[in-house]
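Peer 1: For reference, the structure I am asking about is given below.
No lab work stands behind these numbers, since they all come straight from the coordinates. It should be emphasised that the depicted structure is a prediction, and the values quoted were computed from it without experimental measurement. Counting neighbours? That spans all protein chains shown, and the Cβs are built from the backbone with ideal geometry, glycine included.
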Amino acid sequence: MDMENTRSYKRKLNGTVVSDKCDKMIVVSVSRKIRHSRYDKYVSVSKKYYAHDEDNSAKVGDVVTIIESRPMSKLKRWKLYKAE
């Protein structure tokens, strides 16, 4: 099987780091715009994700990309993929 033709079906999300107080863990806020069904306006909705940061490299305010991973703890299901 060719490694170039394999696809990664893991989701990637872009967001902003809002907390880095825990060891090897960051909290990332991901915001997206959805259309309100009644008022037809676009509303910004945000959600917080807990991600594993092995090197403690991300700091508060950084824009990062996180990727799906196996469950690492009760809340952590994401890994830090790239810090921009």
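Peer 1: Can you tell me how many residues in the range 52-66 are over 17 Å from ARG32 (Cβ atoms) and in contact with a Phe, Trp or Tyr (Cβ under 8 Å, 6 or more places away or on another chain)?
Peer 2: Residues meeting the conditions: 1.
Peer 1: While we're looking at this one, here's another question. Name the residues in the range 30-58 that are basic (Lys, Arg) and under 14 Å from the mean Cα position of the chain (by Cα), would you? If you could, list the steps in order and put the result at the bottom.
Peer 2: We begin by selecting, within the range 30-58, every residue basic (Lys, Arg); these are 32-33, 35, 38, 41, 47-48.
Hits for the range 30-58 are ARG32, LYS47, LYS48.
Peer 1: If a residue must be of a type outside the set (Lys, Arg) and surrounded by 15 or more Cβ atoms within 10 Å (Cβ to Cβ), how many such residues does the range 69-84 contain?
Peer 2: 6
Peer 1: If VAL17 satisfies all but one of (1) surrounded by 11 or more Cβ atoms within 10 Å (Cβ to Cβ); (2) of a type in the set (Val, Ile, Thr); (3) without any contact (Cβ under 8 Å) to a residue 12 or more places away in the chain, what's the number of the condition it fails?
Peer 2: (3)
Peer 1: Okay, moving on. State all residues of the range 20-29 that are touching a residue at least 24 places away in the same chain (Cβ under 8 Å) and within 13 Å of the chain's Cα centre (by Cα); if no residue qualifies, say none.
Peer 2: Matches in the range 20-29: MET25, ILE26, VAL27, VAL28.
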